[in-house]
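Undergrad: One structure is given below, represented as structure tokens, and several questions about it will come after.
The values are calculated or read from the model by the stated rules, or taken from the named source; none is laboratory data. From a predicted model like this one, the values you see are computed outputs, not experimental measurements. Don't worry about glycine lacking a Cβ; one is built from the backbone with ideal geometry, like all the others, and counts go over all protein chains shown. In case anyone asks, the SASA skips ligands and DNA or RNA and just uses the protein heavy atoms, side chains included. Shrake-Rupley method; radii C 1.70, N 1.55, O 1.52, S 1.80 Å.
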Amino acid sequence: MAKSRATEPDDIQPRGAVGRTERLPTLAASSRHDFMTMMRRFVNADMTQAARLRGTQIVRAAGIAPDADLPVDQVRALFEKDPLIATRNAVWYGVHNYTYRILSEVFEDNAEVYLAELDAFDRRGPGTLELNPSLALPDYVRHEIHQQPGGYVGNPFAGHLYHYHTNHFYGGRNDQDERHRGYAAAAPLPGDGRVKRILDLGCGIGQLAVALKERFPEAEVWGIDVGAPMLRYGHMRAVDLGVDINLSQRLAEDTKFPDGHFDLIASYILFHEVTAEAAGQIIAEAHRVLRPGGVFYPLDFNLKARPSPYRTYSQWIDHRWNNERWRIEYDGVDFSGLMARAGFNVTDTSDASSTFGAISGIRRA
């Protein structure tokens with residue numbers, strides 16, 4: 001049931017909210033967004049299943065083992081001219097980018113109103129927002145990851161676009177932060193059970209940080225990210241939800257926090273968006289700012305997934321057409337090994353069927 005959470009005149013909710021997510025400002029925008037979200041479900045389920053089955057048939061006809069780990073050029077030659085697979089990819093790409101067009105029009109056509117709303121919330125609590133305009137941005141953030149217009153740092157509406165587009169990406173099944181709340185609920189605890197300070201690395205719009213604060217209401221929760229527009233939107237949303245978190249524009253590989261400061265450090269799909277070199281630096285920094293016995297809980301794509309020619313091809317499609325700049329590089333990272341060498345006792349309970357890897361680490365003394 002729709003309801004409005006607006007408590008201040010600056011809070012722009014022309015059509016109210018459904019639970020934790022505000023409606024888009026017009027029926028036309030909502031209708032188009034909803035339609036593209038249902039198309040996304042269809043592509044992700046029926047069309048992808050059909051394309052994967054067709055890929056299996058092609059591999060079998062070529063006399064190739066179903067779990068063969070083939071180079072990208074070979075799998076492209078196998079699959080990219082098949083009409084069924086090509087149609088799936090074209091529809092997936094078109095739905096993805098047309099949704100960005102819908103959302104960009106919504107916020108850019110009403111830019112003055114929505115920018116004023118951000119300005120008003122920047123100074124409001126609960127929680128704090130710390131921006132650092134002089135922050136030297138790493139090269140890896142200067143890309144339009146996921147084809148998002150302007151990327152995470154170059155568009156004042158990056159947070160708005162990210163939120164509504166990821167709701168679309170999940171097929172409308174995360175508009176109440178269901179995934180983030182589930183991941184927060186599953187976060188392992190230090191052996192002594194003490195969780196007084198929490199850090200969310202690469203927090204984006206703060207959905208996991210909010211969920212962690214809701215699980216640990218007495219804890220001091222920080223979320224850091226390089227993208228100021230993401231943080232501004234995330235702060236506005238946390239204030240609107242009445243959740244007390246602190247968001248700060250900092251680097252995950254150079255957090256500026258003291259040694260041993262946190263009891264729990266988490267991240268959500270951060271590491272496949274950075275270079276392998278940066279991943280190692282971020283893991284080392286997490287070890288530095290985590291107390292002995294504290295827990296590091298990074299969630300990202302499962303590196304144990306069984307290889308197959310079609311999986312390799314899908315990763316290349318994601319890399320090439322969804323601008324997942326480091327997706328292939330990430331797949332070659334020994335993530336557990338990096339954590340162990342940084343000083344963590346690593347637990348990896350993921351299996352080959354999982355989308356996300358279930359890895360955690362306890363900092364050794």
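Undergrad: Please name which of Ala116, Tyr93, Asn132 has its Cα lying farthest along the dipole of region 73-172 towards the positive end, using unit charges on Cβ (Lys, Arg +1; Asp, Glu -1) and the Cα centre as origin.
TA: Tyr93
Undergrad: Let me ask another. Probe of 1.4 angstrom, ligands and nucleic acids ignored: what's the accessible area per residue over region 1-121, in square angstrom?
TA: 55 Å²
Undergrad: Oh, and also: Could you give the size of the charge dipole of region 172-238 about its Cα centre, using +1 on the Cβ of each K and R and -1 on the Cβ of each D and E, expressed in debye and rounded to the nearest 20?
TA: Dipole about the Cα centre, nearest 20: 20 debye.
Undergrad: Which residue, chosen from Leu231, Thr312, Ala211, occupies the Cα position most advanced towards the positive end of the dipole of region 197-323, where the dipole is computed from +1 (Lys, Arg) and -1 (Asp, Glu) charges on Cβ about the Cα centre?
TA: Farthest towards the positive pole: Thr312.
Undergrad: Helix by helix, which DSSP H runs in the chain go 30 Å or more along their axis at the Cα atoms and have an average Kyte-Doolittle hydropathy of -1.0 or more?
TA: Flagged H segments are 83-109.
Undergrad: Something else now. Per residue of region 143-152, in order, report the coupling 6.51 cos²θ - 1.76 cosθ + 1.60 (Karplus, θ = phi - 60°) as ³J(HN,Hα) in whole Hz, putting x for Gly and Pro.
TA: Ordered by residue, 3J(HN,Hα) equals 9, 8, 4, 6, 6, 5, x, x, x, 8 Hz.
Undergrad: Then there is this: Tell me the relative contact order for the chain as a rounded percent, counting alpha carbon contacts under 8 Å between residues six or more apart.
TA: Over the chain, the number comes to 17 percent.
Undergrad: With +1 on each Lys and Arg Cβ and -1 on each Asp and Glu Cβ, how big is the dipole of the chain about its Cα centre, in debye rounded to the nearest 20?
TA: Dipole about the Cα centre, nearest 20: 880 debye.
Undergrad: Right, something else. Based only on Cα atoms, what Rg/Rh ratio does region 78-181 have, Rh being taken as Kirkwood's radius?
TA: With Rh from the inverse mean 1/r over Cα pairs, Rg/Rh is 1.05.
Undergrad: Could you check how much of the accessible area of the chain is carbon and sulfur, as a whole percent, using a 1.4 Å probe?
TA: Here carbon and sulfur together make up 53 percent of the probe-accessible area.
Undergrad: Considering only protein heavy atoms, what per residue accessible area in square angstrom results for region 203-349 with a 1.4 angstrom probe?
TA: That works out to 32 Å² for each residue.
Undergrad: A further question follows. Hey, could you pull the Cα Rg and Dmax for region 310-365, both in Å?
TA: In Å, with Rg to one decimal and Dmax whole: 14.0, 44.
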